[in-house]
Structure formats: C-alpha cells, structure tokens
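The block underneath contains the structure these notes are about, expressed in structure tokens.
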Amino acid sequence: MSFSLHTPPLPENALLQRFVDSGDYTDCFATHVDCIVGLETFIEAFYTTTVFKAERLILGWLASMPSTDSEARQIARAERDAFAAWNMFERTSNQLLMMDVRGQTCSWFMVAPTATGSQLYFGSAVMRNQETPDGPRMKWTYKVLLGFHRLYSRVLLRAASKRVLRIDARSD
C-alpha cells in the first residue's frame, strides 16, 4: 500500500492558525487513509510508532523526559495534559495542539472525514521569539534544522498513517 503525503494549505479552522497570524513559522502535511479515524486513534498511533519511540527514548535519556505507550494513550484520550516534552495547549473534538515545555515549538494534529475515509493532518509551529533590533526572529538553530524537520515530519506522518490502519484492522 502506498501513502501519498502532500503539503496542503492550513485549514482555516486549524488550531495552528494563530501562529500563522502572528508571523511564526508553520507547516502542514496531510495524508488520506481509507478508514474512519478519530483524533484519539491518530494521536495514539502517532506517539506509539517505532519512529516516535526513538524520539521518546532520546528525550528520556538526554532531557530526563521519559514517556510510555500508556501515557501516549492517556494523552490521546484526553486523560492527561502533558506527554514527554509537550503540554496540551488546546484541544477540540478533531484537533490537538501541543506546545513544548520551553514554549518554542508546537505540534498540531487534525483529523477530517472524507467521502472515502479520513484526512490526517500534522503540522508544526516554531516561534519567532528571539528579539532583534528588526523585531522578533526564529532562532538560527531552528532555521538550520528546518529541512530535517520537514523530512522528519513526513516520516512521522507516514508511520502514523500505517499504524492507524493496523489499529483499524485490529478493531474489525
């Protein structure tokens, strides 16, 4: 099965829109899956992929912010407000916006129904919070890593999409 990822415009009602409006960096990636997916399933799938577990391992080891699959399921079900290096910033029935503990970046998730399944969205915001004489700017370290970030975001969304389909197949 092949997955087609694309970079659509950010949906108007996206929780990430506030960062577009304030001039911060944002991105948006999307893919379609041939099943009906709720936000809870998407979040659990995303945070429990092998790819993201590697990130969780690094965060636990380097930043003393360990996390478990059980905690991932709890954040997915809105039973907790923090997960690894992120805190829940805002949540609706089909979106979740998580902000890192330093207030530098956000991760955004959205699920939208389609005629043949669900559209899964994943995006990020990087704040322009370095003050300069010309106004706020994104820190240079974040600018340097944007290319890697965009590639990694695609890898994460692809892995989450595959996991969503496996979770859906188990529930049948």
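Derivation of every value follows stated rules applied to the coordinates shown; laboratory data play no part. Predicted, not measured: the structure shown is a model, and the values here were computed from it. Cβ: placed from backbone, ideal geometry, glycine included. Neighbour counts: every protein chain shown.
Put in order of Cβ neighbour count within 10 Å, fewest first, the listed residues W108, W86 become W86, W108. Karplus-based coupling profile of the range 11-28, in residue order and whole Hz: x, 3, 8, 5, 4, 6, 4, 4, 7, 4, 4, 8, x, 6, 5, 9, 9, 8, with θ = phi - 60° in 6.51 cos²θ - 1.76 cosθ + 1.60 and x standing for Gly or Pro.
Let's test the formula: R0 of 22 Å, r as the Cβ-Cβ distance of N13 and M88. What FRET efficiency results, to the nearest 0.05?
It comes out at approximately 0.75.
Approximating the spin labels as points 7 Å out from Cα along Cα→Cβ, the R166-to-S70 distance works out to 2.1 nm. Comparing L16, L57, L157 in a Gaussian network model of the chain where C-alpha atoms under 10 Å apart are linked, the largest mean-square fluctuation is found at L57. With an a/c value of 1.5 or above and a/b larger than b/c for the gyration tensor axes a ≥ b ≥ c computed over the alpha-carbon atoms, the range 39-97 is described as prolate. Largest GNM mean-square fluctuation among A115, A30, A78, using the chain with Cα springs under 10 Å: A115. Electrostatic bookkeeping for Q74 treats Lys and Arg as +1 and Asp and Glu as -1; over the other residues with beta carbon under 11 Å from its beta carbon, the sum is -3. For the range 82-172, the alpha carbon convex hull comes to 138 Å³ per residue, rounded to a whole number.
Annotation note: GluC sites (Glu not before Pro) in the range 66-172 located in DSSP loop regions with a Cβ neighbour count of at most 10 within 10 Å are E79.
Near K139, the amide H atoms lying under 5 Å from its own belong to N129, Q130; only residues 5 or more places off or on other chains count, and H is placed 1.01 Å from N. Measuring r between the beta carbons of R102 and C35 and using R0 = 45 Å, the FRET efficiency lands at 0.80. Only lysines eight or more places from K162 in sequence, or on another chain, were considered; those with a Cα closer than 22 Å are K53. Across all Cα pairs in the range 5-167, the calculated P(r) in 10 Å bins from zero up to the longest distance comes to 10, 40, 37, 11, 1, 0 percent per bin. With r defined as the distance between the Cβ atoms of R80 and V144 and R0 fixed at 35 Å, what FRET efficiency is calculated, to the nearest 0.05? Efficiency at R0 = 35 Å is approximately 0.60. Note on the chain: with a GNM built from Cα contacts shorter than 10 Å, the maximum mean-square fluctuation among V33, V20, V111 falls on V20.
Close amide H contacts of M65 (hydrogens built in the peptide plane, cut-off under 5 Å, sequence separation of 5 or more or a different chain): G60.
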